[in-house]
Every structure is written in structure tokens, then in C-alpha cells.
Amino acid sequence: MSINKGMRKNFIERILPITASVSLIFLLGIAFTLVTTSLPVFKTVSLQGFLFGSEWIPTAEKPSLGIWSLMVASFYVTFGAILFAIPLGLGSAVYIAEIATPKVKEVIKPIMEILAGIPSVVFGFFGIVFVAPIVQKVFHLDTGLCGFTAAIILGLMAIPTVASISEDAISAISKDLRNASYALGANRWETIVKAIMPAAKTGIFTSIILGVSRALGETMTVLMVAGGAVKIPTGLFVPMRPMTAAIAGEMGETVIGSPHYHALFAMGLVLFIINIIFNLIADHFQKGKRNV
Amino acid sequence: MFNQLIKAFKSKNDRTIAQEIGFTIIKICIFIVILSLGILLLYIFMKGFRVVNLDFITQTPRDGMVKGGIFPAILGTFLLSLGALIFALPTGVLTAVWLTEYATSQKFVRIVRIGINSLAGVPSIVFGLFGLMFFVKYMQFGVCLLSGSLVLGILILPTIIGASEEALLTVPKAFKEASLSLGATRWETMYKIILPNSVSGILTGIILSVGRAAGETAPILMTAATFYTTRLPNSLFSKVMALPYHIYALMTEGSKSGQTEIAYGTALVLLILVLVINGLAIYIRIKSRRARKW
């Protein structure tokens, strides 16, 4: 009896595997929804025409549904963002893990968490009212609402992701490696650059991938700040419309069931696939790290 | 910041100079990050304080949004976050319980984990698309509080699972073994020993995810939010106003002068809300770490 008591499962224990599957079910549900709602768009446009067509005129009588200009815009702002986020995020990580005293660390880590917790719409708002006018003045632009301003803000938003994961990786490096480096006569800086950073490189790489994925998927900031112009951007300093901004901005105006509607879902599917790939890569590297 | 650098140059040792230059660059990096955050907070606080007063947070909007307060948006954000939590909290904690204590098939665990990690990486606008298609259209809930809460609930699920799992794993194995050896069942051990001992960690995760849910805009854009409604929400199927959406709408819809002022006030209220929530989480974590006896 007493053995049986331990083995018998109560109701909650029975449903545990089901609740654990909820995340998976929703992930598959999202994928299924995106695929089924996207497919009708290919009655209007070929896959190649959709991905690489340079004209996005979705509301015309005979709509042109090429998302190339929007994809390039996404690439521009994400690339710009990561140019800000890598040095600043990595620098912050090294500072927190290697240079800061425990007391300073106790202050700076919550500051990073606060930065990570600020809503994206507040970043976007700050971009419109504060950053954009400065960018406009400094670079003598027609409008400050452009890819560069979006990249600055997205970079700022990606810093906590890059910093916290890199810092975990750097802190996880064993003391032995550090001591061996000191014993060979290296000073602290040489130890950081030549021993610790190379040893933590998978973690740092993971942090950059997740930072990119965060910047690429960010919606409100680019919707508010990037300017919204639909043409292939000629540089970072022109108004542009990344994919996320197009979905969020145009969904309200589109007729349900129209080619435009399906095209916006197809764009969501493109984003979804790119982000899943990035996450699987990051997951793969983190798994590799655990096995070591 | 530069004192040591100057000292290094005086010593004329190349390696020491390199070290001091490196450290200075690193310090400049962290300084830029903190300065940016400081400017953002200071700017919104200064501009927002002129607008925010008791009437602003307790009254409904008047005169086409440029007068009165933002009470319906505050209420809407509260209800959306609460709804998200009601869905995600039990699901998330039970998932963590299963992952840490009950899972037997490593393969299934691996698949579930990939699912959770991937879900965490899905862009928020994609959650919005899913919510629009599934909850609003297919389930015919319409654009309403229920649809928005469910979408936000799915969005914060990975955060709650992650925090709960971490909290459950910090409880020493000896606690569990002692409980089991006294004849308690696996569930009794979980319910009476492991969960109570990890409650502060789980609480931290919950609070952080509420902060996240309160600040999200893209997922509720198409599933729950409306710029202006004269009635307060009276059922799960009401459209709601929400703080983050309100900021966006004030900046992009309509063109009345005075909208930006209200947006400053709304941004400040949202910012304070999120800062208080995050501060609370950080406080609980520090407190519980100090109080821990093992």
C-alpha cells in the first residue's frame, strides 16, 4: 500500500505532460496559422516575385507584392543596431564580469535589467521626440525619422541581451584558465583579451545572434522611428519601412482576405522562420557549451 | 576614468599602457550605456511631470483626447496583464514542475525545451498575427480583452517557465530526499517542500513577466486595443484602451496639438509602472538571496 501510494499519480500529476506541451502546441499553432494564411498570396504573386520583387504597392487595383525593399530595410536597421550593440554590450559584459567590484556589480546589473524592461513603445516615443531631432540636425537630413535613428534605438534595446548572455559566458570561464594566464606573466587585460574572450567565444556568439534576432523582430520602435518610406533604401540615413513596421502599420487598413492581407501574413512567416533559425543556432551553441 | 591611463603613460611600459587603454575603452562603453538610459529616464520624467497629476490618472479623456486623464488606459493595461497572468501562471509553473521533477523521456524534454526557447524568440508582431487569426477570427472572440490577454499570456509563458524552473532547481536535493524518506509522495514533496521553498524565485519571474505584458504593444495592436472608447470595459469581450497603445496612437493618429503632451504623461505613467514592477522583482530577489539559510 505504502509503495502504491508513492507510485499512484494524482490528477495534477497526470496533466503535467499536457501543460508542458502547451508552449510547443502554441509554437506549432503559430507556424500552422502563418503558413495557411500566407499561402493564398501565391495566387497573386510567385514566391520569387514575393521575396525579390522590388515593388510594394499593395493597395493598387492590380497590387504589386514584392517585399524586397522591406527586407532590405529590416536588414539595414538590424545591421546598424548590432554595430552599436556589439561593442557597447560586450564592453558592458567585460566590465561587469571582470573589472567591476562586487559592490559596483550589484548596482550595474539591476541597471541593465531596467534597460531591458523598458517597453519598446517608450523607446519609440523617445526616438521621435528626442533622438530624431538631434540626428536630423547633426547630419543635416530632411527628416530625423530614418534608418539610422531606428538603428541607434534598436541597438540600445539589444544591449542588455548581448551584455547579459556574454557576461554569463565570461563568468562561467573557470578560475584555472585565468590563474594559468597570470602565472605565465600576462596582465589582466592580456588575460581578458587572449585567454578569457577566446574561451567564451561560443557564448558571446550566441549573445550576438540573440541580439540580432531581438532587433529584427522589434516592431514598435521601427514603426514609430524608421520613417516608413517604401522603396529600396539607398543608405542608413533615409526613411525606410522594415517588415515588422509594415505588418503592424498596414494590418489595420487592409481588407481581410485580400492579397495584401495574405502578403502581410507571409511577411510574418518570413520573420518567424528567420527568428526560429537564429534561435535554433543559439540553442545549438548553448547545448554544446553544456556538454563541455 | 583617465587618471590611471595618465599614470600608465608616465611608467612608459607598453603592456601597462595597453591595459589601461583597454580598461578605459571598456569603462567608456558602460558609461555610454548608463548615460543613454539616464537621459531617456530623465527626459521623460521631466517632460511628463508637467502633465501628470491626480486628475490625469483618475479621469477619462475629454475633448478628443487632448484634455482629461488616461484612467481607461491604466485600467485596460491592468486587466490585460492580469488576464495574461491567469493563463500563463498555472501553465508555466506546472511546466517547470514537470521539467524539473517528473519528465522521464530525455527526448521529449529536449523537444519541449526547443519549443519553449523558440517561442521566446518569436517576434511580438507575429504573436499579434496569430492572435488576430486564431482568437479574434477563428474562435470569434473579436478584438477584445480576452483575445489580447491570451496572446500576452502565450508571450510571457517562456519567461515564467524559465524563472520557475531556475527557482525549483535552487532547492537543495537534501530537502527532497529528506521529505521522500519520511514517506511523503512525490507530489506531497513538490507541493509542501519544493514549491514553498522556491516561491520567491517564482514570484520574481511572475513580476518580471507582468512588466513585460504591461509594456507590449504589437501583440495587442490587432487583438485588443482601441484608441478611444467612451465606456470602461464591462466584459471579457470589450475592446480596451491600453497605456502602450495609447502612446503610439497619440503620436500617429489624429493631429490635434496637445496630443504630444498627453503622450509624455502617458509614457511617464507607463515608465513608472514598469520601473516599480521591475524594482519590486529585483528587491524580492536580493532580499530572498540574503534570507536563504542554505
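A short reminder: the numbers here are calculations on the coordinates, not readings from a lab. The structure presented is a predicted model; accordingly, all values stated were derived computationally and were not measured. We place every Cβ from the backbone using ideal geometry, glycine too, and count neighbours over all the protein chains shown.
Return the only residue of B:Thr91, B:Thr77, B:Thr60 being on the phi < 0 side of the Ramachandran plot and away from every other protein chain (no Cβ under 12 Å). Testing whether each residue is on the phi < 0 side of the Ramachandran plot and away from every other protein chain (no Cβ under 12 Å) leaves just B:Thr60.
Just one of the listed residues (A:Val135, A:Val107) is more than 8 Å from chain B (Cβ to nearest Cβ), without any contact (Cβ under 8 Å) to a residue 40 or more places away in the chain, of a type outside the set (Asp, Glu) and touching a Cys at 6+ places or on another chain (Cβ under 8 Å), and it is A:Val135.
Would you confirm, using the coordinates I've provided, whether B:Glu177 is within 13 Å of chain A (Cβ to nearest Cβ) and of a type outside the set (Val, Ile, Thr)? For B:Glu177, the condition - within 13 Å of chain A (Cβ to nearest Cβ) and of a type outside the set (Val, Ile, Thr) - is not met. The single condition from (1) of a type in the set (Phe, Trp, Tyr); (2) within 13 Å of chain B (Cβ to nearest Cβ); (3) surrounded by fewer than 23 Cβ atoms within 10 Å (Cβ to Cβ) that A:Phe265 fails is (3). Comparison of B:Leu168, B:Leu129 shows that the only residue that is more than 10 Å from chain A (Cβ to nearest Cβ) and touching a residue at least 60 places away in the same chain (Cβ under 8 Å) is B:Leu168. Filtered by the rule that a residue be over 30 Å from B:Asn278 (Cα atoms), assigned to a helix (DSSP H, G or I) and without any contact (Cβ under 8 Å) to a residue 40 or more places away in the chain, the range B:176-201 gives B:Lys176, B:Glu177, B:Ala178, B:Ser179, B:Leu180, B:Ser181, B:Trp187, B:Glu188, B:Thr189. A residue that is of a type in the set (A, V, I, L, M), more than 11 Å from chain A (Cβ to nearest Cβ) and crowded, with 16+ Cβ neighbours inside 10 Å occurs nowhere in the range B:243-260. In the range B:32-44, the residue that is nearest to B:Leu271 (Cα to Cα) out of those that are surrounded by fewer than 16 Cβ atoms within 10 Å (Cβ to Cβ) and more than 8 Å from chain A (Cβ to nearest Cβ) is B:Leu42. If I filter the range B:9-23 for residues that are out of contact with any strand residue (DSSP E or B) (no Cβ under 9 Å at 6 or more places or on another chain), within 30 Å of A:Thr19 (Cα to Cα), part of a loop (DSSP other than H, G, I, E, B) and more than 9 Å from chain A (Cβ to nearest Cβ), do I get at least one hit? No - not one qualifying residue is present in the range B:9-23. If the condition is being touching a helix residue (DSSP H, G or I) at 6+ places or on another chain (Cβ under 9 Å) and surrounded by fewer than 17 Cβ atoms within 10 Å (Cβ to Cβ), then the range A:27-48 contributes A:Leu28, A:Gly29, A:Val35, A:Thr36, A:Leu39, A:Pro40, A:Phe42, A:Lys43. With a requirement of 1 or more residues that are free of Cβ contacts under 8 Å to residues at least 60 places away in the same chain and touching a strand residue (DSSP E or B) at 6+ places or on another chain (Cβ under 9 Å), the helices (runs of 4 or more DSSP H) lying completely within the range B:205-294 that satisfy it span B:243-252. Of the helices (runs of 4 or more DSSP H) that lie entirely inside the range A:1-86, those containing 2 or more residues that are under 30 Å from A:Ala116 (Cα atoms), within 9 Å of chain B (Cβ to nearest Cβ) and over 20 Å from the mean Cα position of the chain (by Cα) span A:11-38.
Looking only at residues of the range A:212-252 that are farther than 15 Å from A:Phe75 by Cβ and small (Gly, Ala, Ser), we find that the one that is nearest to the other protein chains (Cβ to nearest Cβ) is A:Ala248. Being surrounded by 16 or more Cβ atoms within 10 Å (Cβ to Cβ) and either of a type in the set (Ser, Thr, Tyr) or in contact with a Phe, Trp or Tyr (Cβ under 7 Å, 6 or more places away or on another chain) (or both) holds for only one residue in B:Ile161, B:Ile114, B:Ile193, B:Ile156, and it is B:Ile193.
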